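Down below is the structure, laid out as structure tokens.
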Amino acid sequence: MALKSKHLLGLEGVNREDIQLMLDTAASFKEILERPIKIVPALRGITVANLFFEPSTRTRFSFELAEKRLSADSVSFSKDSSSVRKGETLKDTVRNIEAMRVDLVVIRHSAAGAPHFLARCVDASVINAGDGAHEHPTQALLDMMTLREKYGSLEGLRVVIVGDIAHSRVARSNIWGLNTLGASVAVCGPKTLIPLDVEQLGVDVYVHLDDALEGADVINVLRLQFERQTQGLLPSVREYIRQYCITTERLADAKENLTIMHPGPINRGVEITQEVADGPYSVILDQVTNGVAVRMAALFLLSGGGV
């Protein structure tokens, strides 16, 4: 089987079959990661360009490791050490890289829509590694993979996404993907951090955390993105902690099989306490592990490996 699209730009509009294919392929690659020799020649001869116009640790390292595990050749781009600082445009940068016969481009950019722009400009397949506050499809896929491993199916799961919804590309991709696979999704946070039209995405909206957590199977906790927020959206960090921090006390009546997730990096003591982040409900480190497998799957399928 093959993906219906040449690119992975987001999960909006991606059908159930393609999401399942990516998750199934990721599960196969995760088995490889458990072997003593973790490298396969699946992408030998394929060249991947990693274009990270924003700082990144987990996503960048995860893609680079996935490429090494698949035996792909990769080149990595850093904004601070590139011609962008000299005035070169995004289109020129990628055209120059593509002239070097690159097959896949992984891009992370602060501007929403940058991966879509690239997909119209180049022949290579494009993977969105996060664009502004728009989407982050591989993060949502690794979240769904983690949940599928634990519950077997996402059908009927109640997933509550808590925190800075307005500035979160992770939230949007998760909402699209989870709804497509049959989960029930709710978002919760201060009114100033929830988009006005978010209900149109098929979610329930809460401003009181205790109400949102009632009956939850999964709590996906988002980081407060101070770098993207304008002033005046929160009275204070202390007030946010009082109303929205996930604590052991708030989980006193939680389901026995509750799952706590976080895309990282974590502001410990702000959106989640240390005890919860490191506690028995947490699958945060499983998410990191699954990130490599999901990115292996995306690179493999978009290179034509699923044909």
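All of the numbers you see were taken from the coordinates with simple rules; none came from a lab. Here the structure is a predicted model, which means the values were calculated and not measured. For neighbour counting, all protein chains shown are included, and Cβ atoms are generated from backbone atoms with ideal geometry for every residue, glycine included.
Values computed for the structure shown
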| item | result |
| --- | --- |
| Neighbourhood charge, 15 Å Cβ-Cβ cut-off, centred on residue 272 and excluding it, Lys, Arg +1 and Asp, Glu -1 | -1 |
| Positive-end extreme of charge dipole, the chain - chosen from 221, 13, 162 (charges on Cβ) | 13 |
| Once exposed loop trypsin sites (Lys or Arg not before Pro) are cut out (DSSP; at most 15 other Cβ, 10 Å), longest piece of the chain | 102-227 |
| Dipole magnitude of region 183-307, debye to nearest 20 (Cβ charges: Lys/Arg +1, Asp/Glu -1, about Cα centre) | 520 |
| Shape box of the chain [Cα atoms, principal axes, largest first, Å] | 55, 44, 34 |
| Top positive-direction residue, dipole computed over the chain with Cβ charges, set 62, 42, 201 | 42 |
| Aspartates and glutamates whose Cα lies under 15 Å from that of residue 255, excluding same-chain neighbours fewer than 8 positions away | 210, 211, 214, 217 |
| Two-decimal log10 I(q)/I(0) for region 145-231, as the Debye equation yields it once each C-alpha is a single scatterer, q = 0.11, 0.15, 0.19 Å⁻¹ | -0.28, -0.52, -0.81 |
| Electrostatic dipole magnitude of region 106-239 [Cβ: Lys, Arg +1; Asp, Glu -1; Cα centre; debye, to 20] | 380 |
| Estimated inter-spin distance, residue 121 and residue 56, nm [label 7 Å along Cα→Cβ] | 1.7 |
| Volume of the Cα convex hull of region 74-226, divided per residue and given in Å³ | 137 |
| Those GluC sites (Glu not before Pro) in region 33-76 that DSSP places in a loop and that have at most 11 other beta carbons within 10 Å | 34 |
| Chain lengthening between residue 35 and residue 75 when straightened (0.36 nm per residue, less Cα-Cα) | 11.8 nm |
| Prolate/oblate/rounded label for region 121-195 (Cα gyration tensor, a/c 1.5) | oblate |
| In Å, descending, principal axis extents of the Cα set of region 1-138 | 45, 33, 26 |
| Low-density loop cleavage sites - GluC sites (Glu not before Pro) in region 212-292, where at most 15 other Cβ are within 10 Å (DSSP) | 214, 227, 249, 256 |
| Overall form of region 183-276 per C-alpha gyration tensor (a/c, 1.5; a/b vs b/c) | oblate |
| Of 4/30; 4/91; 30/191, those spanning more than 29 Å from alpha-carbon to alpha-carbon | 30/191 |
